[in-house]
Amino acid sequence: MALDSAGDTSLLLESADVPPVFEQNAAGRSPFLLTCDHYGRLIPRALGDLGLPADEFTRHIAWDIGIAGVAERLAKHLDAHLIAQRYSRLVIDCNRPPVAAGSIPRISEATVIPGNEGLAREATEARRRAIFDPYHRRIDEVIDARLRDQRPTVLVSLHSFTPVYAGIARPWHVGTLYHRDTRLPPLLLKLLRGEAELVVGDNEPYAVSDETDYTIPVHGEARGLMNSGIEIRQDLIAGRAGQSEWAERLARIFGEIEIILRAQGLV
Ligand SMILES: [Zn+2]
């Protein structure tokens, strides 16, 4: 149908709603392609407030706190293309397979999301078509174009995690998330662990799986790209100073990784 191929045109998003895909530095020359599934916390006007008080939208359940500021700065430092998604994960989670239970969460941590209760199939599909599909279609298109142009492409998926989840404090400052790639994650872990003051999680606080994740399995692994996710603890990047500090640190580390990968002929 024409509607589906018309990009971000959909029944859910109105003319007053911004498109779901945010891009920065599309002509960036870095081999690193940055994605940010939980960059934003917008709600389409048609969905109101999902039945939640406003303060729930400042919490980690709505988005990855602080990561937008890190992602934008890192893209600039590395001259890397960033593709990010502006709507809240409470509308639809762009890092979950649409068939997964948490794709449109009815409960997040301990918060019930009234606007996600008892959704008809058409409502679920509308969210997917309006937000999930255009975002992932764009990542696909960009990877297609890079492969066609024989440009080296290493996928880095940027996230942040809440310091306390369900009452349990998390000790890590940063974690790598990976599954099948054996090239990038060990390098990233080694260099992060070289930063004396950091507690680094190896697939902590989360590991990647085909059932719970989408961006790494679909755009990284299924495409045969080197890939890793990164999770930064949210209290470290809640403000601009922390975002700048982490962007500079990651830019330095990815710069070193690029040199190593070049020496190995991998990019
Ligand atoms: Zn995330």
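The values are calculated or read from the model by the stated rules, or taken from the named source; none is laboratory data. Owing to the predicted nature of the structure, the values given are computational and were not obtained by experimental measurement. Positions of Cβ are backbone-derived with ideal geometry, glycine not excepted, and every protein chain shown enters the neighbour counts. The accessibility values were calculated without ligands, DNA or RNA, using every heavy atom of the protein model including side chains. Shrake-Rupley method; radii C 1.70, N 1.55, O 1.52, S 1.80 Å.
Charging the Cβ of each Asp and Glu at -1 and of each Lys and Arg at +1, and nothing else, the dipole of the chain about its Cα centre rounds to 460 debye. A crude spin-label estimate for the pair R252 and R146, with each label 7 Å from Cα along the Cβ direction, gives 2.5 nm.
Counting only heavy atoms of the protein chains, get the accessible area per residue of segment 170-267 (1.4 Å probe) and round it to a whole Å² value.
That works out to 45 Å² per residue.
Measuring between their Cα centroids, segment 215-249 and segment 83-137 lie 21 Å from each other. Is the shape of segment 180-230 best called rounded, prolate or oblate, per the rule: a/c under 1.5 gives rounded, else a/b larger than b/c gives prolate, else oblate, with a ≥ b ≥ c the square roots of the Cα gyration tensor eigenvalues? Note, shape of segment 180-230 comes out oblate. Annotation: amide H-H contacts under 5 Å for V208 (H modelled 1.01 Å from N, sequence separation of 5 or more, or interchain): Y178.
At the residue level, E211 shows approximately 130 square angstrom of accessible surface with a 1.4 angstrom probe and all protein chains present. From helices alone, the chain scores -8500 deg cm²/dmol at 222 nm; the rule is -39500 (n - 2.57) for each run of n ≥ 4 DSSP H residues, then divide by the residue total.
Along the axis of the charge dipole computed for the chain (Cβ charges of +1 for Lys and Arg, -1 for Asp and Glu, origin at the Cα centre), the listed residues G66, T176, V267 are led at the positive end by V267.
Going by the alpha-carbon gyration tensor, a ≥ b ≥ c the square roots of its eigenvalues, is the chain rounded (a/c under 1.5) or, if a/c is not under 1.5, prolate (a/b greater than b/c) versus oblate? Cα axes put the chain in the oblate bin. Scanning residues 5 or more positions from M226 or on other chains, those with amide H under 5 Å from its amide H are L155, with H placed 1.01 Å from N in the peptide plane. For S108, the residues whose modelled amide H falls within less than 5 Å of its own, excluding neighbours fewer than 5 places apart on the same chain, are I113.
Result for the chain in a Gaussian network model with C-alpha springs under 10 Å: among D181, D17, D202, the largest mean-square fluctuation is at D17. Taking all protein chains together and a 1.4 Å probe, the residues W172, W246 rank W172, W246 from largest to smallest accessible area. Counting only protein heavy atoms and a 1.4 Å probe, tell me what percentage of the chain's accessible area is made up of carbon and sulfur. Using a 1.4 Å probe with all protein chains present, the chain comes out at 52 percent carbon and sulfur. When only Cα pairs below 8 angstrom with a gap of at least 6 residues are kept, the chain shows a relative contact order of 24 percent.
The DSSP beta bridges internal to the chain are antiparallel in roughly 40% of cases. What's the magnitude of the charge dipole for segment 194-267 around its Cα centre, counting Lys and Arg as +1 and Asp and Glu as -1 at the beta-carbon? Answer in Debye, nearest 20. About 360 debye.
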